[in-house]
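> Would you mind keeping the following structure in view while I ask a few things?
The values are calculated or read from the model by the stated rules, or taken from the named source; none is laboratory data. Just so you know, these numbers come straight off a predicted model, no measurement behind them. Glycine gets a Cβ as well: all are built from the backbone with ideal geometry, and neighbour counts include every protein chain shown.
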Amino acid sequence: MKITVLGSGAWEGIPAPFCSCKVCILAAQDPASKNNRTRPEFLLENANGAFLLEMSPDIRLQSTKFKLPPVTDVFISHWHFDHLGGLRELHSWAKRISQPLNVYCSAATAEIIEKEYGYIHLSVKILRPFDQFALFGIMITPLPVYHMFGQDDAVSEKKLENTFAYLCENNNTRIAYLADYYRVPQNTLDRIQDVDVLIADGTYLSTHEYKKIKPNHMHGDDILRFTKGIGAKAVFYHSISHLTRKTHEELQKTLPAAHVLTYDGMRLL
């Protein structure tokens, strides 16, 4: 199983629109640098096929820059634009393929897709928490996480199913992908403990500044305490924001050993 980071940035990307912070200026000056980030997306592939984790609004650029294979299967963590908006970019592709583009997601995300993307040739497959299935020989398990504070916080762990993490297992390798979350329930933690690779949200690494106004994510040291507690052999952070006000190299220096910032085009396995 191979994993390639197609997009490593947070919701606004880097450089962010109309931003003159140090990180955005450096990214604009050198588009090939690790500071330049498109919105989140990952390619998983093996000898049997390939699929995407997330549908980045930047899929058109990513598909040409990284010469993606013709993918027909996509897993979405939740309905926010930076994780779903690329469906519109694939409208013309979806019309050319013989079978509908397969989109795997929660029931709540499926409702948004039907409302906003119903004109696209899609086959939306609603996933249920912990219902495992195989695609291209990779076992995939959707795992619930707490993400939308105002919506999810009063929901019990047994009923939580709005936003999904994904556990992918193949040839004794276990990879956990977690997108946006402020808390992870125990039943999900139990499934991802001691994974080989943990791909974790790093939007607010190195800052607690936005904790009160952005409660839908973990922040600062809370992120590191959480990821260390998983016991993964390697931890990779995605959805990196310019709000840290640190370059790729500066932010990497603040992380523990075996904790790595991703960048666009990075190969994890």
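> Within the range 62-108, can you find the residues that are of a type in the set (Asp, Glu) and touching a strand residue (DSSP E or B) at 6+ places or on another chain (Cβ under 7 Å)?
The answer is ASP73, and nothing else.
> Moving on. Residue by residue through the range 7-26, note down the ones that are among the β-branched types (Val, Ile, Thr) and under 21 Å from ASN216 (Cβ atoms).
Correct list: ILE14 only.
> Still on this structure, I have one more. Can you confirm whether the range 227-240 contains a residue that is over 28 Å from PHE130 (Cβ atoms) and either among the polar types (S, T, N, Q) or touching a residue at least 40 places away in the same chain (Cβ under 8 Å) (or both)?
yes
> Among the strands (runs of 3 or more DSSP E) confined wholly to the range 90-142, which include 1 or more residues that are of a type in the set (Val, Ile, Thr) and over 20 Å from LYS159 (Cα atoms)?
Strands (runs of 3 or more DSSP E) meeting the threshold: 101-105, 122-126.
> Within the group HIS83, HIS78, which residue is in a loop (DSSP other than H, G, I, E, B), touching an Asp or Glu at 6+ places or on another chain (Cβ under 9 Å) and crowded, with 18+ Cβ neighbours inside 10 Å?
That would be HIS78, the only listed residue that is in a loop (DSSP other than H, G, I, E, B), touching an Asp or Glu at 6+ places or on another chain (Cβ under 9 Å) and crowded, with 18+ Cβ neighbours inside 10 Å.
> From the residues in the range 162-181 that are in a loop (DSSP other than H, G, I, E, B) and surrounded by 21 or more Cβ atoms within 10 Å (Cβ to Cβ), which one is farthest from the chain's Cα centre (by Cα)?
So, considering only residues that are in a loop (DSSP other than H, G, I, E, B) and surrounded by 21 or more Cβ atoms within 10 Å (Cβ to Cβ), the one farthest from the chain's Cα centre (by Cα) is TYR181.
> From the residues in the range 238-264 that are in a helix (DSSP H, G or I), of a type outside the set (A, V, I, L, M, F, W, C) and in contact with a strand residue (DSSP E or B) (Cβ under 8 Å, 6 or more places away or on another chain), which one is nearest to ALA16 (Cα to Cα)?
Once the filter is applied, the top-ranked residue is HIS242.
> Continuing with this model, one more query. Of the conditions (1) touching a strand residue (DSSP E or B) at 6+ places or on another chain (Cβ under 7 Å); (2) modelled with pLDDT of 95 or more; (3) among the charged types (D, E, K, R), ASP152 satisfies every one except a single condition; which number is it?
So ASP152 meets the others, but not (2).
> Return a yes/no flag: does the range 192-208 have any residue that is over 23 Å from GLN132 (Cα atoms), modelled with pLDDT under 95, assigned to a loop (DSSP other than H, G, I, E, B) and not hydroxyl-bearing (Ser, Thr, Tyr).
yes
> In this structure, is ILE199 free of Cβ contacts under 8 Å to residues at least 60 places away in the same chain and not hydroxyl-bearing (Ser, Thr, Tyr)? Please lay out each step first, then the result.
Numbers: free of Cβ contacts under 8 Å to residues at least 60 places away in the same chain: no; not hydroxyl-bearing (Ser, Thr, Tyr): yes.
No; evaluated as a whole, the condition is false for this residue.
> A follow-up question, please. Please go through the range 107-146 and pick out each residue that is closer than 20 Å to ILE175 by Cα and buried (at least 16 other Cβ atoms within 10 Å of the Cβ).
Restricting attention to the range 107-146, the residues satisfying the condition of being closer than 20 Å to ILE175 by Cα are 127-146.
Hits for the range 107-146 are LEU127, PRO129, LEU135, PHE136, ILE138, ILE140, THR141, PRO142, LEU143, PRO144, VAL145, TYR146.
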